[in-house]
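Structure first, then comments.
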Amino acid sequence: MTVTIVGSQFGDEGKGGIVDLYGDEADVVARYQGGDNAGHTVVEGGEEYKLSLVPSGAIRGKVGLLGNGCVVNPRTLFDEIDGLRERGLDPDIRVAERAHVILPYHRVLDGIEEDAKSEGDLEAGTTGRGIGPTYEDKAGRRGVRIGDLLDPAVLRERLEYVVPTKRALAEDVFGLDLEAAGETDSGIDVAAAFDVDALYEEFKNHGERLAEEGMTVDAGTYLAESIDAGENVMFEGAQGTSLDIDHGTYPFVTSSNPTAGGACTGTGLGPTTVGSGDVIGIVKAYLSRVGTGPMPTELGGVVGDTPGYDGTETGPEEELATKIREAGGEYGTVTGRPRRVGWLDMPVLRHAARASGFTGIVVNHVDTLGILDELRVAHSYTLDGEEQFTVPPTTERWGDCEPNYRTFDGWSASDWSAIADEGYDALPEATKAYLEYLEAELDTPVYAIGIGPGREETIVRHRPF
Ligand code: IMP
C-alpha cells in the first residue's frame, strides 16, 4: 500500500512531522524529487533532527529511499548519514542509480546565476544548493547519475565532456575568474569545482562508498518488490505545489515536481499504484514563503525577498507578520532566512488540491494562530473586476490579484497538549469552524491537526495505512 505526502503551499508546511507520524506504519519512505534544498525538522524523544536530504522516515528506522527524480549531493548525503550515526542512529538509506548527482560546479553556478538574475529582479532566492543547474543538465542530457559514480570509466567520460562546457559558462558567460575566485561563502573551492581530475577523484570515492555500503538500487523495482511483499511505502514530497516547476509561480519555483505526479515519474511506479493509496496535502494554517515572487496575502515583508519592499514601512501588518513569524518559528531550516508570512490563501489550496488530487489534508501550525484575536483567509481573488477561485497561470497576473478576505474569530488555548490528548472535540469552537470551512471549500476531509511541534501534539482523526 502507498501513501503520498504533498506540500500544498510554498514548502515548510510541516511535512516532515507528518511523514514521521504516519510513517510509523510505513516500511519504506521514499523521496521523489528535490535534493538538499528540502530542510525538514523531526522532533523525537525531545531530540531535534534537522535534515535536508535524508528522508525523515530514516530517523525511525525505516528504509529511506531517494528516488530517480531526486538530485543527490553525495557530500550532504554522507554528512547527514555520519551525523545521524554519531547520534546513535543507524539509518538505512537507498539511492536510485538513475538519480542525478549535484556536483560542486552546480552549486557555484547556482550562486553566480542568481547574482546575474538579481540585476533584473529575476532571481528565485534559491537555497544555493545547485538544484536548478543539476536539473538543467538532466534535461540537457549531460548530467552525471548516481550509477555513473559506480563505473570510473563512465564517470571520467561524462566529466571530460561536461566540465569544459561548465568552465566556459562560468568564465565566458558570467565572467568568473576561476583560479582567482577562492572559496564560495559555503566553502566550495571554485577552481577544484571545475577541475576534471579533482572531481573524478572525489566522486569516484563517493561511488566506492555507495557500493561498499550497498546503497544503490533500481528505485522502481525496489519499491514494486516491497509493495508486492505486502510492505507499506510512503512518498515524501519536498517543497510545495506553488514551487512546482509546472504548477508553481514560475520562474520563482524549484526545478522539480513536488505535486503527486512526481511520485510516479520520480520513483518508477505508475499512477495506478500511487493513486491506489491516499494523497495527503499538508497545509499550514497561514501562509509562508521563502524567496521572491508574488504573494497576494502577504503581511508586511522581508527585505530582499518581498518584491519592492525596502523595510522602511512599519505598521500593524508588519507587527502582525513579526508576531506570527516569531510564534511559528518562521526561519528557513536550511538557510536560516526569515520567511515571508501571510494569511491562508484558498485559491492556492484549491489549485493544489486539484493538481495532486488530495484525498485528505493535514492542517499544521493551528496553535501558532492562537495568538490572534481575529484572523483572515483569502476566500477568492478579484482580477480585472472578476472573482477568481484559483491561481492564474502566469505569475504576473497572480501578482495583480486582490484577495477577497473572510474574517474568522481567533482562538486561544492554555494547554494545547491537553487538547491533543482529548482529541478533536476539545478544540476551541472557532478552530473547528476554520477547519470545517477548509473541508467544505476543498471537498476534502481533515485527517489530522498539528497543534505543536512534537508528534504527540497532533490530533489524528484518520490514519492512511
Ligand atoms: P531551489 O530549490 O534551491 O532552486 O530554490 C528555488 C525556490 O524554492 C526558492 O524560492 C527557494 O526558497 C524555494 N525552496 C526550495 N526548497 C525549499 C524548501 O524546502 N522550503 C521552502 N522553500 C524552498
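Does T126 satisfy being within 16 Å of the ligand (Cβ to nearest atom), closer than 28 Å to T265 by Cα and among the β-branched types (V, I, T)? So T126 fits the description; yes. Scanning the range 143-163 for residues that are without any contact (Cβ under 8 Å) to a residue 24 or more places away in the chain and within 14 Å of L199 (Cβ to Cβ) turns up V154, E157, R158, Y161. Among the numbered conditions (1) open to solvent by 20 Å² or more (accessible area, probe 1.4 Å); (2) away from the ligand (no atom under 16 Å from the Cβ); (3) not charged (D, E, K, R), the only one that V279 does not meet is (1). Taken residue by residue, the range 283-292 has at least one member that is in contact with a strand residue (DSSP E or B) (Cβ under 7 Å, 6 or more places away or on another chain) and assigned to a loop (DSSP other than H, G, I, E, B). Scanning the range 350-367 for residues that are farther than 26 Å from C264 by Cβ and open to solvent by 10 Å² or more (accessible area, probe 1.4 Å) yields H365, D367. For G291, the conditions (1) within 11 Å of the ligand (Cβ to nearest atom); (2) more than 29 Å from E439 (Cβ to Cβ); (3) open to solvent by 20 Å² or more (accessible area, probe 1.4 Å) all hold with the exception of (3). Output the number of residues of the range 412-442 satisfying the condition of being farther than 17 Å from R461 by Cβ and within 29 Å of the chain's Cα centre (by Cα). Count: 2. Scanning the range 7-55 for residues that are assigned to a strand (DSSP E or B) and among the small types (G, A, S) yields a count of 3.
Scanning the range 314-349 for residues that are open to solvent by 40 Å² or more (accessible area, probe 1.4 Å) and away from the ligand (no atom under 16 Å from the Cβ) returns T314, P316, E317, E319, L320, T322, K323, E326, A327. Of all residues in the range 297-319, those that are over 21 Å from V391 (Cβ atoms) and in the same structural domain as R376 (by TED's automatic domain parsing) have Cβ atoms under 6 Å from Cβ atoms of residues that are small (G, A, S) and surrounded by 10 or more Cβ atoms within 10 Å (Cβ to Cβ), 6 or more apart or on another chain, in G300/A321; V303/G311; Y309/G301; E317/G300; E318/G300.
If the condition is being open to solvent by 40 Å² or more (accessible area, probe 1.4 Å) and in contact with a Leu (Cβ under 9 Å, 6 or more places away or on another chain), then the range 413-447 contributes only E441. Among residues of the range 1-20 that are among the charged types (D, E, K, R), those with a Cβ under 6 angstrom from a residue that is within 13 Å of the ligand (Cβ to nearest atom), sequence gap 6+ or separate chain, pair up as D12/S288; E13/G7; E13/I282; E13/K284; K15/G7; K15/I282; D20/S56.
The values are calculated or read from the model by the stated rules, or taken from the named source; none is laboratory data. Quantities reported herein were computed from a predicted structural model and do not represent experimental measurements. Quick reminder, even Gly has a Cβ in these numbers, built from the backbone with ideal geometry, and neighbours come from all protein chains shown. Ligands, DNA and RNA are stripped out before the accessible areas are found, and what is left, the full protein with its side chains, is counted by its heavy atoms. Shrake-Rupley method; radii C 1.70, N 1.55, O 1.52, S 1.80 Å.
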